[in-house]
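Trainee: Mind having a look at this structure? Questions to follow.
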Amino acid sequence: MSFPEHRPRRLRRTPAVRRLARETHLVPSQLVLPMFVREGITEPSPIGSMPGIVQHSLDSLRRAVAEAAEERIGGVMLFGVPETRDAVGSGADDPHGILNVATEAVVAEVGDALVVQTDLCLDEFTDHGHCGVLRQAQEPAAQAVVDNDATLERYTAMGLAQARAGSAMLGLSGMMDGQVGAVREALDAEGFTDTLILAYSAKYAGAFYGPFREAVDSQLKGDRRSYQLDPGNGREGVREALLDVEEGADIVMVKPALPYLDVLADVRASVDVPVWAYQVSGEYAMVEAAAAHGWIDRRGAIMESLLGIRRAGADAILTYWALEAARWLRAEL
Ligand code: PBG
């Protein structure tokens, strides 16, 4: 018998064999593009820490979503940046609030050519920047306690406003206990039984949301560690996902993506609903910054990270590179 007995390299010999042997595939329909729409502007406004990403005007958003539909990506996730904010985030459930107005405009433009999704969280709409209402409005925001159950009432109102505006899927990103059950019940009671719920189940408190805070002009002082997960806790992420499935989530998500691939794999093994991952603003900014210096192969790093997130168990990925990656994927076919 010749040595070595096993030759795994046979599967890597030619591009044709490698193509055939690849275990994990990425297609444009698995990509969702997060987008920002800002009230009161007429031209798109660049976001310094996210080169290539803008805060859209209503008009530019409509055009950009139409372009995303042409690329046949899976969907878009809309975030609103309001002109004015208050303690309870009134703009969130106001039918004339920027996110609801934008949702209506976008759905009128693209229908269901792609899945129009909306962020359901109060942080963009509150003047203290927290994801919920505070227990005592007079508390300094830095030591603020977010009132879980009072926030649920705001979320149900926000969810109904988004469903009425035509959102096909509500992205519950606030990490309040019971948010999925509360919003599901409110939707069903009003006849919105077809509106999907994407639960940001395992959302970790950490440093990777920095550029996003600029993107939405976040007012946050302090941090979100009393509601988002501790980065050291993997089992707790799985538990959150199981609870959300029990409460009626159609899809559960892990966020950020790359630092939490173990959690993603564990959640994938624990639930039977689709599992998504959010490649967040900080993950985007790291690659863009290194690439701008010529220190990393931009396209290679982007596609490798997306493939890795798929391999770890994500059925779909929210990524700011969705359009560019979709074009590359088509070109590779
Ligand atoms: C909360 C929300 C955040 C992100 C998505 N939804 C911010 C936060 O939790 O602080 C971050 C996304 C990103 O960093 O790309 N509405």
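Trainee: Evaluate region 15-35: report whether one residue or more is of a type in the set (A, V, I, L, M) and touching a Gly at 6+ places or on another chain (Cβ under 7 Å).
Mentor: Yes.
Trainee: Quickly run through region 188-219 and pick out the residues that are more than 23 Å from T156 (Cβ to Cβ), part of a loop (DSSP other than H, G, I, E, B) and within 9 Å of the ligand (Cβ to nearest atom).
Mentor: A205, S218
Trainee: With the structure loaded, tell me whether L242 is in a helix (DSSP H, G or I), more than 16 Å from the ligand (Cβ to nearest atom), without any contact (Cβ under 8 Å) to a residue 60 or more places away in the chain and within 21 Å of I309 (Cα to Cα) or whether it fails that test.
Mentor: yes
Trainee: Count, please, the residues in region 205-231 that happen to be over 27 Å from H56 (Cα atoms), surrounded by fewer than 20 Cβ atoms within 10 Å (Cβ to Cβ) and touching a residue at least 40 places away in the same chain (Cβ under 8 Å).
Mentor: Within region 205-231, residues that are over 27 Å from H56 (Cα atoms), surrounded by fewer than 20 Cβ atoms within 10 Å (Cβ to Cβ) and touching a residue at least 40 places away in the same chain (Cβ under 8 Å) number 3.
Trainee: In addition: Hey, can you tell me all the residues within region 104-128 that are more than 15 Å from the ligand (Cβ to nearest atom), outside any loop (DSSP other than H, G, I, E, B) and over 16 Å from the mean Cα position of the chain (by Cα)?
Mentor: Passing the criteria: E104, A105, V106, V107, A108, E109, V110.
Trainee: Pull up region 109-120, narrow it to residues that are touching a residue at least 12 places away in the same chain (Cβ under 8 Å) and out of contact with any helix residue (DSSP H, G or I) (no Cβ under 8 Å at 6 or more places or on another chain), then point me to the one that is surrounded by the fewest Cβ atoms within 10 Å (Cβ to Cβ).
Mentor: Only one residue fits best here, namely D112.
Trainee: When you look at D149, is it part of a loop (DSSP other than H, G, I, E, B), more than 12 Å from the ligand (Cβ to nearest atom) and either modelled with pLDDT of 95 or more or surrounded by 22 or more Cβ atoms within 10 Å (Cβ to Cβ) (or both), yes or no?
Mentor: No: the conditions fail for D149.
Trainee: Further, regarding this structure: Quick check, is C131 within 18 Å of Q219 (Cβ to Cβ), within 16 Å of the ligand (Cβ to nearest atom), of a type outside the set (A, V, I, L, M) and in contact (Cβ under 8 Å) with a residue 60 or more places away in the chain?
Mentor: Against the criterion (within 18 Å of Q219 (Cβ to Cβ), within 16 Å of the ligand (Cβ to nearest atom), of a type outside the set (A, V, I, L, M) and in contact (Cβ under 8 Å) with a residue 60 or more places away in the chain), C131 qualifies.
Trainee: Looking at E23, E67, E39, E83, can you tell me which residue is crowded, with 18+ Cβ neighbours inside 10 Å, of a type outside the set (V, I, T) and in contact (Cβ under 8 Å) with a residue 40 or more places away in the chain?
Mentor: None of the other options fit; the residue is E39.
Trainee: Find all pairs meeting these conditions: Cβ atoms under 8 angstrom apart; at least six residues apart or on different chains; first residue within region 286-300 and surrounded by 11 or more Cβ atoms within 10 Å (Cβ to Cβ) and among the β-branched types (V, I, T); second residue assigned to a loop (DSSP other than H, G, I, E, B) and modelled with pLDDT of 95 or more.
Mentor: Short answer, once both residue conditions are applied: V287/I296.
Trainee: Another question, if that's okay. Which of the residues that make up region 301-320 are touching a residue at least 60 places away in the same chain (Cβ under 8 Å) and either surrounded by fewer than 14 Cβ atoms within 10 Å (Cβ to Cβ) or under 19 Å from V54 (Cβ atoms) (or both)?
Mentor: Across region 301-320, the qualifying residues are L318, T319, Y320.
The values are calculated or read from the model by the stated rules, or taken from the named source; none is laboratory data. Small disclaimer: the values here were computed from a predicted structure and weren't measured. Cβ sites come from the backbone with ideal geometry, for glycine too, and all protein chains shown count toward neighbours.
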